[in-house]
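What follows is a short report on a single structure.
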Amino acid sequence: MSDRRKFNLKEYFSSYPLKVREKVRYITTDIYAPYIDIAREMFPNAKIVLDKGDIFRTIIPLKKIATQKVGGENVPHDVPHGRNELIEYIKAQVRSNNKITRQDMAESAGVSVKTIQRALKEIDNLNYVGSGNNGHWELNEKK
């Protein structure tokens, strides 16, 4: 298949006989309208299952945006702004819980895990010792 344009997808799936396509029970796809349209059109008996990763990447940010716009109670107001503030926020989180996960840091700071990972690289005196759930953060604060 040369690309993911709708007409190319339709041409590709048309190479399979309708009798074969009618036997397909499930199609897993990204949240991409042309994929969903083609799946419905070319596989008439298939149930469309959306990719879990796409759902979470789409819905969770939308929930955060909607909550912030309407001012829900669970909107964090004490989140760090700026790189230095984020670094200090991370250090404070580690001081209070040296087993905190990057995911928990990101959620409490209102940023992505990737942003946390970039900030962690800038903190020279912070190391993760061990591996997985058995590890912990060590913050070396010399006085």
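Read-outs: derived from the displayed coordinates by stated rules, not from any lab. Keep in mind that this is a model prediction, so the values were computed, not measured.
Do any of LYS10/LYS114; LYS114/LYS142; LYS10/LYS47 go past 26 Å between their Cα atoms, and which?
LYS10/LYS114; LYS114/LYS142
Tell me, what HN-Hα J-couplings in whole Hz come from the Karplus equation 6.51 cos²θ - 1.76 cosθ + 1.60 at θ = phi - 60° for each residue of the range 29-40, using x for Gly and Pro?
Along the range 29-40, the couplings run 8, 6, 7, 9, 3, x, 4, 5, 4, 5, 4, 5 Hz.
Taking amide hydrogens as modeled 1.01 Å from N in the peptide plane, which residues meet the under 5 Å criterion relative to ILE31, leaving out close sequence neighbours?
Amide H neighbours of ILE31, under 5 Å, 5+ apart: ASP51.
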